[in-house]
Structures are given as structure tokens and as C-alpha cells.
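Working notes for the structure below.
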Amino acid sequence: MSSTPPPSPRTRLLRFALASAAAIVLAHLVDRWAFAHLADAGLGGSDLGRMLRVMGFLPLWATAGLALVLHDWPLRAERGTRAALARGVLLLLGAGLGGLAAELLKLVFRRERPRAHAGEYVFRAWTERPLSTGGLALPSSHALVAWGAAAVLAHLFPRARWVWYALAAGCSWSRVAAGAHFVSDVVVSAVVGLLVGEGLWRWHLRRGEERAGTDGFGRAPGWRRGRASAP
């Protein structure tokens, strides 16, 4: 029985672009309704809300990255220091580059927080604090940090990928429920965070191929990524 070949990278990218565009358009259509009905839902002040929000706290992922490095450090004797550092550094880069992308995009889009203008779209003039992201909302920094980390973790621990995505989605929801962001702010964050994670993973694998045909963790090309999470 012949199996259907997997879609090409170009096809997957096109599908992702179309799905992302549709999600962003839909999110803008529900922004005002969501602010009126979902903001101040009580989630932000609850233990669950605080847990979800901290998924977008960069020091959390720096600590998790350090834990991965300490866990993998004994492997340096067999596979080298770079392989022992790989997982922790990738996680830190996913979250860190996500946060950096959020700050840069805020300076470009310049849309202010919904609570400051009763749920209306208001854009800051370029002449007003041109290099400050304070009070800007598109995209959400917390959500983008969470999605960048989740995208990397989904590659490192593929069997648990839906756990990571659920935590990132929960972080996004907590920001909307707090009235700090529109739905479209966090949807854009998800799209950019997934791109950051995927780009990092491809860069990592490419570096591995350049280093004696390994996958970047010092493993032979025949190692099957989906079968285990250990490097």
C-alpha cells in the first residue's frame, strides 16, 4: 500500500501563512467584543491566572534552560560541550528572541493598550516617545515569550508538544482576560512566536549537519527525533 508523501516545505509554509492571516483577520473582528465581555473575567487575580501569566516571564525560561544544561552536562564527555549546552540554549533563545521581537514590533505597530482607550484602537504618533514601548500592546510580550519557548519545547519534547502549546495559549488568554491586550495582540504573538521557534530549530539542525553530519546534539543522522526527548 502506497502512502501519501508529506507536503513540501513550501506547501507547509503556504498553509501556515494562510492560516495565520485568517486567524489575525478573525481576531481583529472579535477584538471589541472580547474586550467588552472577556476583560476582567477574574482570571488575572486567580492562582491559575498568575501561573499562566508567568509562562511569559523570561527569567522562568532562563531558569528552565539552566536546568536543561545542568541535566545534559554529563553528556559533554561523549558528545562535546556544544551538544551538552544545546537544549538549554535553544530554549533560552526561543523565549529571548520572542521577547525581543515583541519589543521591536511594538515600536513598528505602535498600538496602545485597550484598557487605556475603552477598547478602541489608538495608535501612538511617531513623534511621541518614538523608542519607548511603555503602554504599547501589539504584540503581547508575555504571549510572544511563551509561544517562542513553546515552539522550541515542542521540538525538544515532541510527545508533550500540546502541553507546551496549551500553556502558551493560556498565557495569551490571561493577558486578554486582564484587559491588557486585544485578542489580535496575542494572535500575532502566537504567529511570530511559532516562526521564531521554527526558525531556531531549522538553524540548529543546519548547524548540526555542518558538524560532521549530526543533528546538533551530537547524534547520528539516523536518530529518530520523535522517539525520545533526551539529546
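The values are calculated or read from the model by the stated rules, or taken from the named source; none is laboratory data. Please read all numbers here as calculations on a predicted model, not as lab measurements. Reconstructed Cβ throughout: ideal geometry from the backbone, glycine too, with neighbour counts over all protein chains shown. For accessibility, only protein heavy atoms count, side chains too; no ligands or nucleic acids. Shrake-Rupley method; radii C 1.70, N 1.55, O 1.52, S 1.80 Å.
Within region 106-114, identify whether any single residue is in contact (Cβ under 8 Å) with a residue 60 or more places away in the chain and either in a loop (DSSP other than H, G, I, E, B) or open to solvent by 10 Å² or more (accessible area, probe 1.4 Å) (or both), and answer yes or no. Within region 106-114, one or more residues are in contact (Cβ under 8 Å) with a residue 60 or more places away in the chain and either in a loop (DSSP other than H, G, I, E, B) or open to solvent by 10 Å² or more (accessible area, probe 1.4 Å) (or both). Candidates in region 17-41 are the residues that are free of Cβ contacts under 8 Å to residues at least 40 places away in the same chain and open to solvent by less than 100 Å² (accessible area, probe 1.4 Å); of these, the one that is farthest from residue 197 (Cα to Cα) is 25.
Sub-6 Å Cβ pairs linking a first residue in region 145-169 that is touching a residue at least 12 places away in the same chain (Cβ under 8 Å) and over 14 Å from residue 57 (Cβ atoms) to a second residue that is open to solvent by 40 Å² or more (accessible area, probe 1.4 Å) and of a type in the set (D, E, K, R), at least 6 apart or interchain, are 154/161, ordered by first then second residue. A single member of 138, 167 is under 16 Å from residue 99 (Cα atoms) and either modelled with pLDDT under 95 or surrounded by fewer than 24 Cβ atoms within 10 Å (Cβ to Cβ) (or both), and it is 138. Output yes when any residue across region 121-130 is open to solvent by 30 Å² or more (accessible area, probe 1.4 Å) and assigned to a helix (DSSP H, G or I), and no when none is. Within region 121-130, none of the residues are open to solvent by 30 Å² or more (accessible area, probe 1.4 Å) and assigned to a helix (DSSP H, G or I). In region 118-125, is there at least one residue being touching a strand residue (DSSP E or B) at 6+ places or on another chain (Cβ under 8 Å) and aliphatic (A, V, I, L, M)? Yes: region 118-125 contains one or more residues that are touching a strand residue (DSSP E or B) at 6+ places or on another chain (Cβ under 8 Å) and aliphatic (A, V, I, L, M). Among the residues of region 76-95, those that are open to solvent by 20 Å² or more (accessible area, probe 1.4 Å) and within 15 Å of residue 201 (Cβ to Cβ) comprise 89, 92, 93. Please indicate, with yes or no, whether at least one residue in region 144-153 is open to solvent by 20 Å² or more (accessible area, probe 1.4 Å) and either within 11 Å of the chain's Cα centre (by Cα) or closer than 15 Å to residue 197 by Cα (or both). Yes, because at least one residue in region 144-153 is open to solvent by 20 Å² or more (accessible area, probe 1.4 Å) and either within 11 Å of the chain's Cα centre (by Cα) or closer than 15 Å to residue 197 by Cα (or both). For residue 54, the criteria (1) closer than 30 Å to residue 132 by Cβ; (2) among the β-branched types (Val, Ile, Thr); (3) exposed (fewer than 15 other Cβ atoms within 10 Å of the Cβ) hold in every case but one, which is (3).
Can we say residue 118 is without any contact (Cβ under 8 Å) to a residue 40 or more places away in the chain, small (Gly, Ala, Ser) and either over 26 Å from residue 37 (Cα atoms) or surrounded by fewer than 22 Cβ atoms within 10 Å (Cβ to Cβ) (or both)?
Values: without any contact (Cβ under 8 Å) to a residue 40 or more places away in the chain: yes; small (Gly, Ala, Ser): yes; either over 26 Å from residue 37 (Cα atoms) or surrounded by fewer than 22 Cβ atoms within 10 Å (Cβ to Cβ) (or both): yes.
Criteria met by residue 118.
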